[in-house]
1. Any chance you could count how many residues in region D:25-76 are closer than 20 Å to C:S169 by Cα and among the small types (G, A, S)?
2. Which numbered condition trips up E:A160, out of (1) crowded, with 23+ Cβ neighbours inside 10 Å; (2) more than 17 Å from F:C84 (Cβ to Cβ)?
3. I'm trying to understand the selection: among the residues of region F:135-146, which are open to solvent by 60 Å² or more (accessible area, probe 1.4 Å) and among the charged types (D, E, K, R)?
4. Within region D:167-174, identify whether any single residue is among the aromatic types (F, W, Y), within 23 Å of D:A32 (Cα to Cα) and within 16 Å of the chain's Cα centre (by Cα), and answer yes or no.
5. Residues that are within 17 Å of the chain's Cα centre (by Cα), within 14 Å of chain A (Cβ to nearest Cβ), part of a helix (DSSP H, G or I) and in contact (Cβ under 8 Å) with a residue 40 or more places away in the chain: does region B:112-126 have at least one?
6. Keeping to region D:170-189, report how many residues are open to solvent by less than 10 Å² (accessible area, probe 1.4 Å), within 10 Å of chain C (Cβ to nearest Cβ) and either over 27 Å from E:N101 (Cβ atoms) or assigned to a loop (DSSP other than H, G, I, E, B) (or both).
7. Which condition number in (1) open to solvent by less than 10 Å² (accessible area, probe 1.4 Å); (2) at the interface with chain C (Cβ under 9 Å from one of its Cβ atoms); (3) not in a helix (DSSP H, G or I) is the one that D:G167 fails?
Number of protein chains: 6
Amino acid sequence: MPDHPISRYPIPDLDDIPDDLKDAIVAVNEKAGFIPNIFLALAHRPDEFRAFFAYHEALMERQGGLTKADREMIVVATSGDNGCQYCVVAHGAILRIRAKNSLVADQVAVNHHKADITDRQKAMLDFALKVSNDSRSVDESDYEALHMHGFDDDDIWDIAAITGLFGFSNRLANFASIRPNEEFYTMAR
Amino acid sequence: MPDHPISRYPIPDLDDIPDDLKDAIVAVNEKAGFIPNIFLALAHRPDEFRAFFAYHEALMERQGGLTKADREMIVVATSGDNGCQYCVVAHGAILRIRAKNSLVADQVAVNHHKADITDRQKAMLDFALKVSNDSRSVDESDYEALHMHGFDDDDIWDIAAITGLFGFSNRLANFASIRPNEEFYTMAR
Amino acid sequence: MPDHPISRYPIPDLDDIPDDLKDAIVAVNEKAGFIPNIFLALAHRPDEFRAFFAYHEALMERQGGLTKADREMIVVATSGDNGCQYCVVAHGAILRIRAKNSLVADQVAVNHHKADITDRQKAMLDFALKVSNDSRSVDESDYEALHMHGFDDDDIWDIAAITGLFGFSNRLANFASIRPNEEFYTMAR
Amino acid sequence: MPDHPISRYPIPDLDDIPDDLKDAIVAVNEKAGFIPNIFLALAHRPDEFRAFFAYHEALMERQGGLTKADREMIVVATSGDNGCQYCVVAHGAILRIRAKNSLVADQVAVNHHKADITDRQKAMLDFALKVSNDSRSVDESDYEALHMHGFDDDDIWDIAAITGLFGFSNRLANFASIRPNEEFYTMAR
Amino acid sequence: MPDHPISRYPIPDLDDIPDDLKDAIVAVNEKAGFIPNIFLALAHRPDEFRAFFAYHEALMERQGGLTKADREMIVVATSGDNGCQYCVVAHGAILRIRAKNSLVADQVAVNHHKADITDRQKAMLDFALKVSNDSRSVDESDYEALHMHGFDDDDIWDIAAITGLFGFSNRLANFASIRPNEEFYTMAR
Amino acid sequence: MPDHPISRYPIPDLDDIPDDLKDAIVAVNEKAGFIPNIFLALAHRPDEFRAFFAYHEALMERQGGLTKADREMIVVATSGDNGCQYCVVAHGAILRIRAKNSLVADQVAVNHHKADITDRQKAMLDFALKVSNDSRSVDESDYEALHMHGFDDDDIWDIAAITGLFGFSNRLANFASIRPNEEFYTMAR
């Protein structure tokens, strides 16, 4: 097996990037024990790096009706559907941790209809996949179906916005061939 | 015709939003003569507002091999394909201005193959639509086709990242029913 | 910007075409102030010219439960979905006139779900798009849904037949690269 | 097996329809030995009846680079793809007669790639199916591929226009549930 | 018309194949009066020949809530949708015999919604096509819809398994270009 | 987390099934250390059980140009595309063992274009996915592309037949909700 590049695009030397990016990278390395490749792959575009992680934090760390596991589950299901290896592998690992469930990420990545999740979560993922694949047709009946499961409008915004941000991220990882770190594959299994 | 809401979600009173958002809104109003509804529609989520416009600026105001008209053209073509009324109407107006061409936005929104644009621009939009609809299959042959038209790897990142960001924006505008301002329809025709 | 041909196929000299075609062309020129390119693009095939405009008149000028604006709206929505620039631009102009509404054509061309139209019109366009994209599955439940909105069977024939005729027209305009006149772009805005 | 109606729409009494329609129906009955149901199904709309059969004759009886068998083959292949029972059964019968081949209609209706036809005919049907399913993407390379097989631009117009007219006809037959005559099933087998 | 090969793959001499295959081929020849090409096309792979026909018999000769005509109808409808000429032509013939109906095979192959079949059979074919095209989404509501028509769970297994086996067979016949015998085309018309 | 059933269909008591099935189940249990659920899920249909595993063995244990890892890789890639959780999880485990590679199964299940595999394997999987999704269009050019990578016609039969058999298996596992054993998830990581 040859050595595989992290990205089709250049990875800048850590000494050559702005301090705030370097700080973010050092921090994630301390917390995770390694640097997730998405941090390195975006570092050659500092403004985009900042905007991406700001958006990421705004949506994934938010308080509200969705648990952190729910949020990761949306990422894994839509990323599987979009064929994004980076997001399925990396967020699959985080989902296993957040959900304290070693099976759910592999299940949701392939087919959420057959996953060990609640009906409420299935409705959440049905909606996420509709936003991902056919947002033009979203209408009030979709809101009603989610209200029936106890989601309020703010939760629905979160589901759709997470879907949208990671749909963007899926396209980035695919066109730039961003490679998931090997650490993610075995984490929390 | 009833009065149509700007968004399915609440529009906060300008006095109730953080100062930096208010400043951005005042500034765009001074520049454009009206407040594009996307600014109001995102204002109830200040962190997302900031991240969205930071990303927007990073990609749309960037120097590089793509003109500002090229960048808007990517938005209009992919937004038409995604069925996003807000982005087609609003960015269609900006495209007419940037390209100094009153026809091109309507053409590109419906079918870029039949638009009055260069072969280079057609190749750019072919790639954008592939990233939008089938990013999993992007490979080195796509890069080669674009290199043949004089795009370098940084330009290709721009094409794909603009496609990705506005694919996100299309989904936001669709699920939240964000309505384009009437001013956009007739601008620069 | 180079001079753009009206069609990939030859446009006959007006003196070389049969009198009835010439009369039709003169008449439309007097009424509209210019000759819509579809008249010129079909003139090299007199029998097809006659059949096309006979069909067009039979369906678009018919009395019945559909207004003239409704009929144009069907054309614009299905032509947008079929990626036909000629029909979206030309019939978009006529729709603005018929509906006395400067916004509705651009809205319906991109996404009728988000247009300023009645629920009855949305049901009409839902059916038109089903006929356009999946006519094999049309069944009695589609009729029932339209009856609920007050359409009778004759109206439903009109919706489906207009969809069918313009689906044909969309394919003609696309394969022959028939270009919309510039006059249509700004008409009735 | 109950008696099956010819159409979901009313079939007028022959005495109640305009003379030219009656004459056409009498003529086809004399020639074929029965009245193809499409004549009866369109008779309640005399103007559309006239336009449809005028168009049909203009395209199917035309002299040119396509044989009559080629023309019927386009109808059968695209109608099979559109799920139109009337056109597959009725034009399948005519194709068997025109091609003096009892197998080709059933082959082409299911999968033209595996039919006993020439490479030139396969290229013709590839183009017809592209016009039928993705006319927006037709471009000069499609013309070049057909020129290589000896089709000129007029032949290409014929292929595309036949595809378009019968795409319309397929939608008519599907939404109105127009039933093929039993005579067609066994003709020329 | 050149002589057409039975398969893209070699057809072994009958003397060179294992006795049990030879016996099966002799038996079918005696029963049908000719050797269906699928027997010859699979003979170069004896183990696969045995497994295929064992599976075929297990599903098509089974006692249960589905008649033999129902079973053939599933094959014809899904094979038409999969573009498999061999299965449409060969099983179309058997369907005509089993259903004692000379029209139904051609109808179901093109569009089961417009076929002369019962509502129960339409529900059966709706489910078969869902299993064929979107098995990931099958859920309890599909079972309920079929129970309403009197199918029990064992019948549903049969519908789905026949769909699956012939989906496999459709792919085999397509990649190996297995040609239907001419005898099938006219049988039982 | 409730206890999850192995299948929507009944699992017979081992004492109630034919001896040859029981023997097969005992044997796989001894070899693997557990009974893969597919054995239990098919046991209520002994004839189908026998045919399925005979076919499975004929294709997966065959000598030829494909390695055992290649064969499992085809299963994982097409099963991921078909949304079959059982096959992705179970055959993903076997692929990790056969390929002596702990990453490749998760990669191939999501997007084989981005997997750590050879160009020859990518061509193999491109073909498998074409057979899976569009077998009607397979033609000689597909054979040529595979010959260029050193596959002979027998290897191509294997690729296509494995794709077909597991496409069947994917539909079985999906409609019957057959659940992968937990042991597979962590095997050979």
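1. 3
2. It is condition (2) that E:A160 fails.
3. Start the filter on region F:135-146 by keeping residues that are open to solvent by 60 Å² or more (accessible area, probe 1.4 Å), which leaves F:136, F:139-141, F:144.
Hits for region F:135-146 are F:R136, F:D139, F:E140, F:E144.
4. Start the filter on region D:167-174 by keeping residues that are among the aromatic types (F, W, Y), which leaves D:168.
When the remaining residues are screened for being within 23 Å of D:A32 (Cα to Cα), the result is none.
Among the residues of region D:167-174, not one is among the aromatic types (F, W, Y), within 23 Å of D:A32 (Cα to Cα) and within 16 Å of the chain's Cα centre (by Cα), which makes the answer no.
5. The first filter runs over region B:112-126 and keeps only residues within 17 Å of the chain's Cα centre (by Cα), leaving B:112, B:121, B:124-126.
Cutting the leftovers down to within 14 Å of chain A (Cβ to nearest Cβ) gives us B:124, B:126.
Still in the list and also part of a helix (DSSP H, G or I): B:124, B:126.
Now narrow it down to the ones that are in contact (Cβ under 8 Å) with a residue 40 or more places away in the chain: B:124.
Yes, region B:112-126 contains at least one residue that is within 17 Å of the chain's Cα centre (by Cα), within 14 Å of chain A (Cβ to nearest Cβ), part of a helix (DSSP H, G or I) and in contact (Cβ under 8 Å) with a residue 40 or more places away in the chain.
6. 1
7. For D:G167, the exception is condition (3).
Conditions (1) hydroxyl-bearing (S, T, Y); (2) facing chain D (nearest Cβ under 9 Å); (3) buried (at least 19 other Cβ atoms within 10 Å of the Cβ), marked per residue:
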{"position": "C:P18", "(1), (2), (3)": "no, no, no"}
{"position": "C:I25", "(1), (2), (3)": "no, no, no"}
{"position": "C:N29", "(1), (2), (3)": "no, no, no"}
{"position": "C:R45", "(1), (2), (3)": "no, yes, yes"}
{"position": "C:A54", "(1), (2), (3)": "no, yes, no"}
{"position": "C:A58", "(1), (2), (3)": "no, yes, yes"}
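The values are calculated or read from the model by the stated rules, or taken from the named source; none is laboratory data. The structure displayed is predicted, hence computed values, not measured ones. We place every Cβ from the backbone using ideal geometry, glycine too, and count neighbours over all the protein chains shown. Keep in mind that these areas ignore ligands, DNA and RNA; they rest on the heavy atoms of the full protein, side chains included. Shrake-Rupley method; radii C 1.70, N 1.55, O 1.52, S 1.80 Å.
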